[in-house]
Amino acid sequence: MSVRDAFDADVNDAVLIVGALVGVYAVYLLAGTVLGYSLRGQVNSIARLTFLIGVYGMLALALNLHWGYTGLFNIGIAGFMAVGLYTMAMVSKPPASATAGAATVSGLGLPLWVGVLAGMTAAALLGLLVALPALRLRADYLAIVTIAASEIIRFIFLSSKFQTFTLFGQELGTGGGRGLLLNYTDPMTPVFESAPYEAVVSTLNPLLGGSIRPVVNSLSYAIVLIGFVVAFYWLLKRTGESPFGRVLKAIREDEEVANALGKNTDRFKIKSFMLGCALMGLGGILWQLRQGAITPASFRPQVTFFIWLALIIGGAGSNTGSILGAIIFSAFLLQGPLYLKNIVRGVYGVTGAPNTFAGAVGPLADGNVEPFLAYLVGNINALQLVVMGAVLVWLMQHRPQGMLGHRKEEAATIPLTRPRREEPTPVPTADGAGGERGGDDE
């Protein structure tokens, strides 16, 4: 692939991603108009959608390094996210004495950036701990090990035995089932208190009506997450094009062949797994960095299922597909049902849902669909997982390669095509007839 072809491919990928974002934003703005949302409400819905796209975009890219690049079947993503977040919280959370007893569990009180690095390191070390015994396991067996590790981590955080403990003379803890209060300063505070930001908020206040600072703050942080998605994309793209990345893809295709070529595949798999786990830990940190508290309930196995679904929708092995999958998943499978619920209630005035499924289905015999529709709308949160499962089954049957499919990527950095033979150039002769340069002399 030439440099120009690579540049054109990058431009096409950027156009796909931007086009998908513009499309889902247009759908949401149209839905907000139908619901009669104010301008403030429209901005709030876009901020929430952008936040989810940023979170799932980062995590789908990290998973793509494991599954798409290396062929490692990791279904314990939530556990690595939890380790990263809890480690960051315990390192950066102020000591209990510094918060006048407001915190039930102490922290080390170190700068936030130190906590973020510690969280990523802890997630990577957990990846090493999981990878070593599972090194020779593939497919289903590696999946069992990773989901078991994820659930062990979650139950450790839930356990009252680890609610408080002493480590190297410092009192720390996970908070148990009650979780942890995060008493550190919001990392976005310097931005929110800056003069340019204050000027923007003051300008938007009369346009959006009322105090719109919380909405603008949420949108600003969501934009920061999109910036991290771009950074993740750049990192994984460079990784995939490097010699290290080409070995990972060779392991994915046929590990025995990569071994026969003298590559230590075990070492490459461990490095890939640790790097992906560190990125998952960072994703977990950024997901709840600005929350007032964290609990183990946020890291149930369904979070891993959501991330896998986003990757499958876009197509494993494609970084662009990972982001597109995150956009489609967040807009139409995660947030979409909630908007549909509001639209149905607002436009059709559906209320009074039956308490049982039988009460909803029975009136269908008489041609009355309103009770059934009201039942679906009232239970749309529970049906959301059913819809996701149905979409996953359909994808596995009709489009297992995802939206973009498995891309064929060149393994070499130089063109491998056969050079084209140039046509001989006509040479004028003395009698005016044209000859050809480069022919055999007669």
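What follows is calculated from the coordinates using simple rules that are stated; it is not laboratory data. Everything numeric in this text was worked out from a predicted model, so none of it was measured. Cβ: placed from backbone, ideal geometry, glycine included. Neighbour counts: every protein chain shown.
Observations
- When each of the peptides 295-303, 166-174 is scored by how many other beta carbons lie within 10 Å of its residues on average, the order from highest to lowest is 295-303, 166-174.
- Relative contact order, percent, the chain [alpha-carbon distance under 8 Å, six or more residues apart]: 24 percent
- Potential lengthening between Arg178 and Ala293 on full extension [0.36 nm per residue; Cα-Cα distance subtracted]: 40.5 nm
- Options (i) 12; (ii) 16; (iii) 29 - which one matches percent of Cα pairs over 41 Å apart as calculated here: (iii)
- Computed from phi, the 3J(HN,Hα) profile of the range 291-297 under the Karplus parametrisation 6.51, -1.76, 1.60 (θ = phi - 60°) reads 7, x, 7, 10, 9, x, 5 Hz, with x in place of Gly and Pro.
- Phi angles across the range 249-264 convert, under the Karplus curve 6.51 cos²θ - 1.76 cosθ + 1.60 with θ = phi - 60°, into 3J(HN,Hα) values of 5, 5, 5, 4, 6, 6, 5, 5, 5, 4, 5, 5, 8, x, 8, 7 Hz, Gly and Pro given as x.
- Cβ crowding within 10 Å, taken as a proxy for footprinting-reagent exposure, orders Trp234, Trp287 from fewest neighbours to most as Trp234, Trp287.
- The alpha-carbon atoms of the range 40-299, seen along their principal axes, cover 67, 44, 26 angstrom, with the largest extent given first.
- Helix 77-92 and the longest principal axis of the Cα set of the chain meet at an angle near 60°.
- For the pair Glu193 and Val34, a Förster radius of 41 Å applied to the C-beta separation gives a FRET efficiency near 0.65, rounded to the nearest 0.05.
- Gain on full stretching of the segment that runs from Asp140 to Val200 - 0.36 nm per residue minus C-alpha separation: 16.4 nm
- C-alpha center-to-center spacing [the range 226-242, the range 20-62] in angstrom: 23 Å
- In Hz, Karplus ³J(HN,Hα) per residue of the range 16-29 (6.51, -1.76, 1.60; θ = phi - 60°; x = Gly, Pro): 4, 5, 5, x, 5, 4, 4, x, 5, 5, 5, 4, 5, 5
- Descending by average beta-carbon neighbour count within 10 Å, the peptides 72-82, 269-279 line up as 72-82, 269-279, the highest first.
- With the helix formula -39500 (n - 2.57) applied to DSSP H stretches of n ≥ 4, the chain reaches a computed 222 nm mean residue ellipticity of -20500 deg cm²/dmol.
- Multiplying the residue separation of Asp366 and Gln401 by 0.36 nm and removing their Cα-Cα distance gives an extension gain of 8.2 nm.
- Spin-label model distance (nm) - Ala14 vs Leu340, 7 Å beyond Cα toward Cβ: 3.5 nm
- Between 0 and 90°, nearest 10: helix 213-241 axis offset from the chain longest Cα axis: 30 degrees
- Sum of side-chain charges, Val247 neighbourhood, beta-carbon under 13 Å (Lys, Arg +1; Asp, Glu -1): +2
- Crossing angle, helix 265-287 versus the chain [Cα axis fit, 0-90 degrees, rounded to tens]: 40 degrees
- When peptides 145-151, 197-203 are ranked by their average number of other Cβ atoms within 10 Å per residue, the highest-first order is 145-151, 197-203.
- Note that the range 134-189 carries a Kirkwood radius of 13.9 Å, evaluated over its alpha carbons pair by pair.
- Per-selection Kirkwood Rh - the range 288-391 (Cα, Å, 1 d.p.): 16.0 Å
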